[in-house]
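Heads up, the thing below is written out as structure tokens.
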Amino acid sequence: MRILALVLLMAACSSAEQLEVTLEGENAQRLLRFYFGSYTSEDPFEAGLLEKRGSRFYVDLAVLREYSSELSQELKAKASGGIVSPDSLRTAVQVTYYHARNLPRMLSEFNDQWVTDNAITFEVHGPVTNYLRRITLSESALQNAIQNYYENGEKIRYAVGTAIKAEHLRGTRVVETTAMVRRSDGFWDFVTYDSTGALVSHTLPNDRALATPTQCAGCHFGEKGFEPEQSWPLEPAIVPGDIRKWYTGARDTEVAEFFSEHLRRSDTLLGLYATAYISDLRARRGAGTLDSSAIALLNRLGL
Ligand code: HEC
């Protein structure tokens, strides 16, 4: 009898330190791994922070406090009957994420920390904003990802620490900057800066203001296809808005099929950088203007 009482007491104690966290959809576990991995920097299930029982997920507050007392407090305050709703979880993550990730408060610091050497840019009108997006990444980071395509199991995966910026342009003026940085756990950090270069929680509300990082992850981890990437190398079926621009270089059907980059989104990236880059190299090989390392890259892929 006494043992049973003790067991019950222990169960009550441990459940008092646990909250159930809930998210919609099939991606729930992956999103939880991303959300909570932002605080642990290692797999939150392995760290003992998250536990899956049946189809439910529980967070251990005592473990969480060691990583982020802020998030622990937020979740505790927002829980009702021991359960944290999806909206409450997202809000709690949003208000504590930047600090936990130590993301620079100013874009200038971000640019100092993640220098994009040999920057290459792609311009595209997409679903995220009504503005033109100028996407910048380092050419060597892209080359390395392509170079390691077969080693990575026929996947385009970028090296840890790779930064990709997407600036939103009104004419030549940058009205805001979104960016992603490759983490060591396989996810990317998401970040948004406003027109003055200050870190902000949401993008401009031109269709809707996107909360960072929770709404960013929604699209980037999802299965939904977006234009113009989905139809590339054809013109997008439906063109929303007026002025449209998408990957203005060569359009190579064979390369598009080879990578199926947008469909496969191997690294949760949605743009067609390897596809556009290799299409361009193939066009230049035809014109006889390629150097030997670029020819070697094409040969390595067998393209
Ligand atoms: C509506 C779906 C959607 C949402 C929400 C979204 N993105 Fe994206 N993102 C895309 C698509 C599609 C691309 C490919 C290029 C384009 O169309 O702009 C992209 C590209 C990017 C890129 C360039 C690297 C890549 O994946 O190709 C960055 C950086 C980026 N998004 C950051 C963000 C951030 C930060 C947020 C949240 C504030 C966000 N995104 C929210 C759909 C989305």
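The values are calculated or read from the model by the stated rules, or taken from the named source; none is laboratory data. The structure displayed is predicted, hence computed values, not measured ones. Glycine gets a Cβ as well: all are built from the backbone with ideal geometry, and neighbour counts include every protein chain shown.
Of the residues making up the range 111-130, those that are over 12 Å from Tyr277 (Cα atoms), more than 10 Å from the ligand (Cβ to nearest atom) and outside any helix (DSSP H, G or I) number 7. Within the range 58-96, being out of contact with any helix residue (DSSP H, G or I) (no Cβ under 6 Å at 6 or more places or on another chain) and surrounded by 21 or more Cβ atoms within 10 Å (Cβ to Cβ) holds for Val59, Leu89. Looking only at residues in the range 232-256 that are closer than 14 Å to Ala276 by Cβ, within 12 Å of the ligand (Cβ to nearest atom) and not hydrophobic (A, V, I, L, M, F, W, C), the one that is surrounded by the most Cβ atoms within 10 Å (Cβ to Cβ) is Tyr247. Count of the range 117-134 residues, restricted to those that are touching a Lys or Arg at 6+ places or on another chain (Cβ under 7 Å) and in contact (Cβ under 8 Å) with a residue 24 or more places away in the chain, is 6.
Any residue in the range 156-174 that is surrounded by fewer than 21 Cβ atoms within 10 Å (Cβ to Cβ) and closer than 25 Å to Glu26 by Cα? Yes; the residues of the range 156-174 include at least one that is surrounded by fewer than 21 Cβ atoms within 10 Å (Cβ to Cβ) and closer than 25 Å to Glu26 by Cα. Applying the criterion of being assigned to a loop (DSSP other than H, G, I, E, B) and in contact with a strand residue (DSSP E or B) (Cβ under 9 Å, 6 or more places away or on another chain) to the residues of the range 17-42, the residue that is surrounded by the most Cβ atoms within 10 Å (Cβ to Cβ) is Leu23.
Here Ser266 meets each of (1) within 20 Å of the chain's Cα centre (by Cα); (2) within 9 Å of the ligand (Cβ to nearest atom); (3) at pLDDT below 95; (4) under 22 Å from Thr121 (Cα atoms) with one exception, condition (2).
Quick one: is Ala217 more than 7 Å from the ligand (Cβ to nearest atom), farther than 20 Å from Glu123 by Cβ, assigned to a loop (DSSP other than H, G, I, E, B) and in the same structural domain as Arg182 (by TED's automatic domain parsing)? For Ala217, the condition - more than 7 Å from the ligand (Cβ to nearest atom), farther than 20 Å from Glu123 by Cβ, assigned to a loop (DSSP other than H, G, I, E, B) and in the same structural domain as Arg182 (by TED's automatic domain parsing) - is not met. Please enumerate the residues belonging to the range 220-231 that are over 11 Å from Leu31 (Cα atoms) and near the ligand (Cβ under 7 Å from one of its atoms). Matches in the range 220-231: Phe226, Glu229. Only one entry of Ala159, Ala145 meets the criterion of being out of contact with any Asp or Glu (no Cβ under 7 Å at 6 or more places or on another chain) and in contact (Cβ under 8 Å) with a residue 24 or more places away in the chain, and that entry is Ala145. Return a yes/no flag: does the range 57-69 have any residue that is under 23 Å from Leu199 (Cβ atoms), part of a helix (DSSP H, G or I) and outside the structural domain of Ala209 (by TED's automatic domain parsing). So far as the range 57-69 goes, yes, one or more of its residues are under 23 Å from Leu199 (Cβ atoms), part of a helix (DSSP H, G or I) and outside the structural domain of Ala209 (by TED's automatic domain parsing).
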